[in-house]
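Trainee: Quick one: this structure, given as structure tokens, is what I'll be asking you about.
The values are calculated or read from the model by the stated rules, or taken from the named source; none is laboratory data. If you're wondering where the values come from, they're calculated on a predicted model, not measured in any experiment. In this analysis, Cβ positions are derived from the backbone assuming ideal geometry, glycine residues included, and neighbour counts consider all displayed protein chains.
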Amino acid sequence: MGMRIEADVTRGNAITIIVDGEALPAFAGETVATAMLAAGRQVFRADTGGKPRGLYCNMGTCSECLVTIVASGRRVRACLTEAVDGMEIATRG
Amino acid sequence: MADTFDVVIIGGGPAGQAAALALALAGHGLAIAVIDEPPRPGGQILRQPPAPFAVSNWLPGRSYDGLKAQLARFEALEGISWLGGHSAIGLVREADGLVVQASGQDGLRRLVARRVLVAAGCQDLAVPLPGWTLPGVYAAGGIQAFIKSQQIVPGERVLLAGTHPLMLLIGAQIVAAGGTLAGVLFAQPRQTMIANALRHATAAAAHAGNLAAAASAMKVLAGAGVAVRFDTALTAAIGNSQVEGARTAAGDIACNAIGLCYGFVPQSTLPRMAGARVQTAGPAGGWATVADGWGQSSVPGLFVAGETTGVAGAPAAMAAGEMAGIGIAHSLGLIDASEAQHRAGPARRRHARLLGFARMLDAVADPTGYLPAPTPDTLACRCEDVDFATIDQAIATGGSANAVKLATRCGMGACQGRNCEPTLLRRMATAGRTDDTGFTQRFPARPVAIGDLAD
């Protein structure tokens, strides 16, 4: 599980995103990846063998964290995509 | 939608910022666009917290001070079109200039420019080992980026393993963030690191500050009771559905996140796509774009700076970016040759000095001979799930990297081969084939919606 750093940090407004139907608490400005990891969701997709796969590079290079924005159907990299209140994400896409 | 600029800079890190600042100084009214993927400038070295965050005492330490001062100057610069949240996915020379395709939330933008500077930085060398596709195995730079920007430590017990001394700094940052380290493992013996440093003793003496930073990081780690081990190779990540531990030469270590830190390779997709000449980069692999002393590549109008020309660190990138900005200004006729030489003098001298340190670091961090051994079922290509048995079989038939890609799909996935190309080329070199030029770089450099391409 990811641990939000508390010392010296003031975050944006509390928001909620929905990942695979589960509501996850997040803060304005966080990436989808951060909201997922902080909620203990390390799995961003399954590979062709059905094995769970996580985020790897966290800088937009490897595309391991591709998830789907449900409303638009867009596949986006969770490490670069800002979480927006009410945003719905699917990891099976 | 087409936008026309005098200069498009790809990368908002130290090199891109320095170039923009030098250009702004040389020519008022220049139309300059700077593109980067994060919403805010800074690059990976200064990956900024999100705008709604306030972080006091962000990235303390003298090594960041000069970089932060430049970032502040860049952010105060007026008249720059900042295209944060955009990925440069294509770069080609056409009749009307250099064309950059930029992909953002609202679709594609076609940017036409008289000059383009690629200052796209580097990436962690992707290091396949048994279990490396388990959730919880990260590129160490990715862990560091979480701490710098998102203010999160992605794991309750983090193990850092590899050959690069950057692990000491990342480890100290994890400790400072209140995180817990399971250990820092250097695969190479301490004596080897020292001997390699001593071969570059002059550079070491000239950069005592960097060595002091490493020593102070060691002190932080010791204070937190973190074991820093040498001659201790990571051999596998273990776990069922996520990382539960690490198999190492010193036995199994419990952890739920592993950061792999064996060095860095230039982001070379765009210059190669545009046809620029490249050469093999440092000991970690990858391709460095060849450039003259002003950053001009072999493609007319296409300039490169910073890690794109070979990984040498952020201060060197800053100096190279300034030289490229001045070089571009000269090539546009804004300043004459002697003025360009004069302006670039200090940056050029700084750059030469910093390169000495970079070569020392290359030698100390050299992963050659210390990379973990994959098993036949270890995935070489994470995107297309291609294992080592499969690529070895294809290599044995004698084909090129492109042929292996066609035969196995290794390199055909969403990362466009950025992770697996160094792996494949190392594997081919082991089989005696050292002259392969790697995958042909194709559009798009980053994943993009088909609908955006059709619009």
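Trainee: Give the residue that is farthest from A:Val43 (Cα to Cα), with candidates limited to residues of region A:56-71 that are more than 7 Å from chain B (Cβ to nearest Cβ) and buried (at least 23 other Cβ atoms within 10 Å of the Cβ).
Mentor: Among those that are more than 7 Å from chain B (Cβ to nearest Cβ) and buried (at least 23 other Cβ atoms within 10 Å of the Cβ), it is A:Val67.
Trainee: Looking at B:Gly369, is it at positive phi and assigned to a loop (DSSP other than H, G, I, E, B)?
Mentor: yes
Trainee: If we scan region B:169-192, do we find a residue that is without any contact (Cβ under 8 Å) to a residue 12 or more places away in the chain and over 15 Å from B:Ala140 (Cα atoms)?
Mentor: Yes, region B:169-192 has at least one match.
Trainee: Further question: Could we say that B:Arg418 is surrounded by 15 or more Cβ atoms within 10 Å (Cβ to Cβ) and within 15 Å of B:Cys383 (Cα to Cα) here?
Mentor: Against the criterion (surrounded by 15 or more Cβ atoms within 10 Å (Cβ to Cβ) and within 15 Å of B:Cys383 (Cα to Cα)), B:Arg418 qualifies.
Trainee: For the list (1) in contact (Cβ under 8 Å) with a residue 12 or more places away in the chain; (2) small (Gly, Ala, Ser); (3) within 23 Å of B:Ala314 (Cα to Cα), I need the number of the one condition that B:Gly104 fails.
Mentor: B:Gly104 satisfies every listed condition except (3).
Trainee: Follow-up question, since we're still on this one. I'd like the full set of residues that are touching a helix residue (DSSP H, G or I) at 6+ places or on another chain (Cβ under 6 Å) and at pLDDT below 95, limited to region B:413-439.
Mentor: B:Ala431
Trainee: Go through the residues of region B:106-122 one by one and say whether even a single one is crowded, with 23+ Cβ neighbours inside 10 Å, more than 11 Å from every other protein chain (Cβ to nearest Cβ) and under 30 Å from B:Arg427 (Cα atoms).
Mentor: Checking region B:106-122: at least one residue is crowded, with 23+ Cβ neighbours inside 10 Å, more than 11 Å from every other protein chain (Cβ to nearest Cβ) and under 30 Å from B:Arg427 (Cα atoms).
Trainee: A follow-up question, please. Output the strands (runs of 3 or more DSSP E) that fall wholly within region B:150-249 and possess 2 or more residues being crowded, with 23+ Cβ neighbours inside 10 Å and of a type in the set (Gly, Ala, Ser), or say none.
Mentor: Ranges flagged: B:158-162.
Trainee: Yes or no: B:Gly313 surrounded by fewer than 24 Cβ atoms within 10 Å (Cβ to Cβ) and assigned by TED's automatic domain parsing to the domain that holds B:Gly66?
Mentor: yes
Trainee: Can you tell me which condition B:Arg47 does not meet? The list is (1) more than 10 Å from chain A (Cβ to nearest Cβ); (2) in contact (Cβ under 8 Å) with a residue 60 or more places away in the chain; (3) charged (D, E, K, R), and all the others hold.
Mentor: Tallying (1) more than 10 Å from chain A (Cβ to nearest Cβ); (2) in contact (Cβ under 8 Å) with a residue 60 or more places away in the chain; (3) charged (D, E, K, R), B:Arg47 fails exactly one: (1).
Trainee: Also: Among the residues of region B:105-123, which ones are more than 19 Å from B:Pro447 (Cβ to Cβ), assigned to a strand (DSSP E or B) and touching a helix residue (DSSP H, G or I) at 6+ places or on another chain (Cβ under 7 Å)?
Mentor: Answer for region B:105-123, where residues must be more than 19 Å from B:Pro447 (Cβ to Cβ), assigned to a strand (DSSP E or B) and touching a helix residue (DSSP H, G or I) at 6+ places or on another chain (Cβ under 7 Å): B:Arg115, B:Leu117, B:Val118, B:Cys122.
Trainee: To continue, here is another question. B:Asn57 passes all but one of (1) assigned to a loop (DSSP other than H, G, I, E, B); (2) touching a residue at least 24 places away in the same chain (Cβ under 8 Å); which number fails?
Mentor: All conditions are met except number (2).
Trainee: Just a yes or no: is a residue in region B:96-104 part of a strand (DSSP E or B), at pLDDT below 95 and either within 14 Å of chain A (Cβ to nearest Cβ) or within 26 Å of B:Met167 (Cβ to Cβ) (or both)?
Mentor: Yes - at least one qualifying residue is present in region B:96-104.
Trainee: A follow-up question, please. For B:Ile391, only one of the following conditions fails: (1) part of a helix (DSSP H, G or I); (2) in contact (Cβ under 8 Å) with a residue 24 or more places away in the chain; (3) surrounded by fewer than 23 Cβ atoms within 10 Å (Cβ to Cβ). What is its number?
Mentor: (3)
Trainee: Oh, and also: Tally up the residues in region B:233-290 that are within 13 Å of B:Thr309 (Cβ to Cβ), polar (S, T, N, Q) and away from chain A (no Cβ under 13 Å), please.
Mentor: Residues that pass the stated criteria total 3.
Trainee: Being on the phi > 0 side of the Ramachandran plot and touching a Gly at 6+ places or on another chain (Cβ under 9 Å) narrows it down to one of B:Gly282, B:Gly310, B:Gly275, so name that one.
Mentor: B:Gly310
Trainee: Is it the case that region A:45-55 has a residue that's more than 10 Å from chain B (Cβ to nearest Cβ), buried (at least 17 other Cβ atoms within 10 Å of the Cβ) and in contact with a helix residue (DSSP H, G or I) (Cβ under 7 Å, 6 or more places away or on another chain)?
Mentor: Among the residues of region A:45-55, not one is more than 10 Å from chain B (Cβ to nearest Cβ), buried (at least 17 other Cβ atoms within 10 Å of the Cβ) and in contact with a helix residue (DSSP H, G or I) (Cβ under 7 Å, 6 or more places away or on another chain), which makes the answer no.
Trainee: Within region B:72-82, is even one residue assigned by TED's automatic domain parsing to the domain that holds B:Ala288, touching a Pro at 6+ places or on another chain (Cβ under 8 Å) and either touching a residue at least 40 places away in the same chain (Cβ under 8 Å) or in a strand (DSSP E or B) (or both)?
Mentor: Yes, region B:72-82 has at least one match.
Trainee: I would also like to ask the following. For residues that are of a type outside the set (Phe, Trp, Tyr) and surrounded by fewer than 24 Cβ atoms within 10 Å (Cβ to Cβ), scanning just region B:1-21, find the one that is nearest to the chain's Cα centre (by Cα).
Mentor: B:Leu21
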